[in-house]
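The values are calculated or read from the model by the stated rules, or taken from the named source; none is laboratory data. Remember, predicted model here, so these are calculated numbers, not experimental data. Virtual Cβ from ideal backbone geometry, glycine too; neighbours counted across all protein chains shown.
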Amino acid sequence: MEIIKTPIEGLLVIKPKIFGDDRGHFFESWSKESFAKNVLNLDFVQDNQSLSSKGVLRGLHFQNPPFSQGKLVRVIKGAVLDVVVDIRKESSTYGKHFSIELNEENKTICWIPPGFAHGFVTLQDDTIFTYKCTEVYNSASEEALLWSDKDLNIDWRAINPLVSDKDLVAGSFKNFKSQF
């Protein structure tokens with residue numbers, strides 16, 4: 001596997017080694033031993049998966065300490081524009097975002113450590129998105145930033161995304177008080 005550092009400290013892009021032939025392909029999407037050899041000694045406690053039609057936007061979600069989550073994310077089928085925002089107040093990239101297309105063709109995986117708000121918009125119908133979490137879901141510690149916040153200035157590539165009622169009323173970055 002190839003691990004690529006991003007401009008935001010701790011956020012990593014992972015390119016798995018793909019073994020393909022005329023029958024199809026095989027790749028290791030998670031191996032505790034392989035990831036630990038590459039400085040990612042992680043313990044996952046929950047796997048999540050979503051199915052979305054084209055243009056669905058989910059995010060920007062995170063859980064506050066002590067239930068903050070690290071996430072290993074990838075697309076099984078379809079494609080997303082995956083977006084993370086650094087919400088670690090002592091970070092030199094606080095408030096900056098990083099985006100990458102994850103899809104079934106590139107099989108790219110992204111490691112999102114605790115201290116990031118995360119969201120994605122689907123670029124194809126019937127997109128299956130999966131993520132492994134280092135902490136269980138805890139509704140009391142869940143929070144979100146407004147996906148369309150002008151201060152974050154994220155280009156979501158979607159003219160009129162389908163967004164949940166909950167995500168439509170998420171907080172602004174300007175009024176956000178980070179617990180990270």
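Mind checking which strands (runs of 3 or more DSSP E) fall wholly inside the stretch 14-105 and carry at least 1 residues that are hydrophobic (A, V, I, L, M, F, W, C), at pLDDT 95 or above and over 30 Å from Lys174 (Cβ atoms)?
The strands (runs of 3 or more DSSP E) meeting that bar are 46-52, 71-77, 79-86.
Considering only residues of the stretch 162-172 that are within 14 Å of His61 (Cβ to Cβ) and in a loop (DSSP other than H, G, I, E, B), which is farthest from the chain's Cα centre (by Cα)?
Filtering first and then ranking leaves Val169.
Which of the residues belonging to the stretch 72-128 are in contact with a strand residue (DSSP E or B) (Cβ under 6 Å, 6 or more places away or on another chain), among the acidic types (Asp, Glu) and closer than 22 Å to Asn160 by Cβ?
Selection gives Asp82, Glu101.
Working carefully through the options Ile154, Ile159, Ile128, find the one that is among the aliphatic types (A, V, I, L, M) and part of a strand (DSSP E or B).
Ile128
If Ile4 satisfies all but one of (1) at pLDDT 95 or above; (2) assigned to a strand (DSSP E or B); (3) closer than 22 Å to Val85 by Cα, what's the number of the condition it fails?
Here Ile4 meets the rest and fails (1).
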